[in-house]
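All of the numbers you see were taken from the coordinates with simple rules; none came from a lab. Model, not experiment: these values are computed from the prediction. Here Cβ is always computed from backbone atoms with ideal geometry, including for glycine, and neighbour counts include all displayed protein chains.
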Amino acid sequence: MYEAVLPDFFRLLVPLPGNPLQAINAYLVKGPERNLLIDTGMNRPECLTALQDSLAGLGADLNRTDFFLTHLHADHSGLIGTLAPPTAKVYCSQTDAAGIGEMVGESLWDKLAFYAGRNGFPTTDLAVALHKHPGRKFGPQGDFNFTLVQDGDLVSCGNYIFRCIATPGHTGGHMCLYEPRKKLLVSGDHLLQDITPNIAAWSDGHDPLHEYIASLNKVAGLEIELVLPGHRRVFSGPRERIRELKEHHRARNAEVLRILTGGPQSAYQVATRMTWDLTYEKWEQFPMPQKWFAFSEAGAHLNYLAMEGLISREMVDGEYLFSLPKRKTRRQRG
Ligand SMILES: [Zn+2]
């Protein structure tokens, strides 16, 4: 399924069966010499078939197509090994290209297990969570010869000259594509209208939320009329949405601080006490991947607050516990 969003510019809807994200938007820009495909869908047959149908309907020849990955997540990068011929350029940031290498080479999962284990994620659930991780089940396979892009680099296709905008936060190497003459932003998962981009900590001290807020401020300074996001609806004028996303994270930080009034807690314990926009009544009912993402989001808020000096972190019996500053007890007059 696809629709034209601008001349020679198409949104390709790629379904993600059984995933709360429902679908991802890939984008095809058609050029006289070569096309550009932005993001791909997961490495699974449902995504491949849907994407191939759309590409065939648009008469796009993969042998005359280059690829751009907004970020490393499996729903965006999964099919790159299947779709990209060896001669194609595959644009990606250095940080996320390295992350894809760790995902393909499996070293990522040990690192995640180490982090999760000492932040309270129950050991019995950890193996299941990592086994069911979409990056492991549906991530890309193969060797990739990425064309690395950095902030400010230009990528042209037909009438479009895109500027790469480094927008770390959702992942460390997330990249948007900005077309200043058309006031157009391909936002990947940096800006989404109908859902909130997941901001996740993957190691101790990793502080993606500060990065994300800086990236929101950066994009707020661009002149943009149309946003083409990685999920759900295309939308216009992102400033209001940017304001809402910043407010959302401010409120979540406040919630985490409130939870910590109950005493020192691990990131996992905090996650079980936060409110989540899911249909399940209690934490125990969350499917394992949802527990995993909630846990990593709690971690992002905790690391942000620790970096701000509002909370502290202490290793107790092999686990990190976060706490509010101790209240100064008033000196008793004697
Ligand atoms: Zn993503």
| note | Note to self: C-alpha centroids of segment 209-270 and segment 8-39 sit apart, in Å, by 25 Å
| Inter-label distance for Met315 and Val128, nm, one decimal - labels placed 7 Å from Cα along Cα-to-Cβ | 2.9 nm
| note | When the charge dipole of segment 133-226 is computed with +1 on Lys and Arg Cβ and -1 on Asp and Glu Cβ about the Cα centre, the Cα farthest towards its positive end, among His210, Gln150, Pro180, belongs to Pro180
| query | What do the square roots of 5 times the Cα gyration tensor eigenvalues come to for the chain, in whole Å, largest first, as semi-axes of the equivalent ellipsoid? | reply | 38, 22, 17
| Spin-label pair Ser107/Gln141, simplified geometry with 7 Å Cα→Cβ offset, distance in nm | 2.2 nm
| said: Let me check against my output: what whole-number percent is the relative contact order of segment 2-237, with C-alpha pairs under 8 Å and at least 6 apart? | reply: 17 percent
| request: Please check which bits of segment 140-155 a label hung off Leu222 would reach, taking the label as a point 7 Å along Cα-to-C-beta and the cut-off as backbone N under 17 Å. | output: 149-155
| message | Give me the net charge for the shell around Leu58: Cβ to Cβ below 13 angstrom, other residues only, Lys and Arg +1, Asp and Glu -1. | response | -1
| query | What order do you get for Leu324, Leu222 when you list them from fewest to most C-beta neighbours inside 10 Å? | reply | Leu222, Leu324
| request: Please check the chain for the longest run free of trypsin sites (Lys or Arg not before Pro) that are loop-located per DSSP (anything but H, G, I, E, B) and have at most 12 other Cβ atoms within 10 Å. | output: 1-180
| request: Give, in nm to one decimal, the length gained when the segment between Glu308 and Ala56 is fully stretched (0.36 nm per residue of separation minus the Cα-Cα distance). | output: 85.6 nm
| Peptides ranked, highest mean first, by Cβ atoms within 10 Å: ranges 262-271, 39-48 | 39-48, 262-271
| field | Dipole magnitude (debye, nearest 20) for segment 246-309, charges at Cβ of Lys, Arg, Asp, Glu | value | 80 debye
| Where does helix 107-117 land angle-wise versus the long Cα axis of the chain, in degrees 0 to 90, nearest 10? | 30 degrees
| request: For each pair in Lys132/Lys218; Lys246/Lys291; Lys137/Lys326; Lys218/Lys282; Lys132/Lys282; Lys132/Lys326, compute the distance between the two Cα atoms and list the pairs where it is over 32 Å. | output: Lys132/Lys218; Lys137/Lys326; Lys218/Lys282; Lys132/Lys326
| remark: Over the chain, the sum of -39500 (n - 2.57) across DSSP H runs of at least four, divided by residue number and rounded to 500 deg cm²/dmol, gives at 222 nm -10500 deg cm²/dmol
| Mean separation of Cα pairs under 8 Å and 6+ residues apart, divided by the residue count of segment 111-254: what relative contact order is that in percent? | 18 percent
| Size of charge dipole - the chain - debye, nearest 20, with Cβ of Lys, Arg +1 and Asp, Glu -1, no other charges | 1320 debye
| What nm value, rounded to one decimal, do you get for the distance between Ser323 and Glu255 when each label is placed 7 Å out toward the C-beta? | 2.5 nm
| request: For the chain, build the charge dipole from Cβ charges (+1 Lys, Arg; -1 Asp, Glu) around the Cα centre, then report which of Pro15, His73, Tyr2 sits farthest towards its positive end. | output: His73
| remark: Projected onto the charge dipole of the chain (unit charges on the beta-carbon of Lys, Arg, Asp and Glu, signs +1, +1, -1, -1), the Cα from Ser107, Ala88, Val227 with the largest positive-side position is that of Val227
| With contacts defined as alpha carbon pairs under 8 Å and 6 or more residues apart, what's the relative contact order of segment 246-309 in percent? | 42 percent
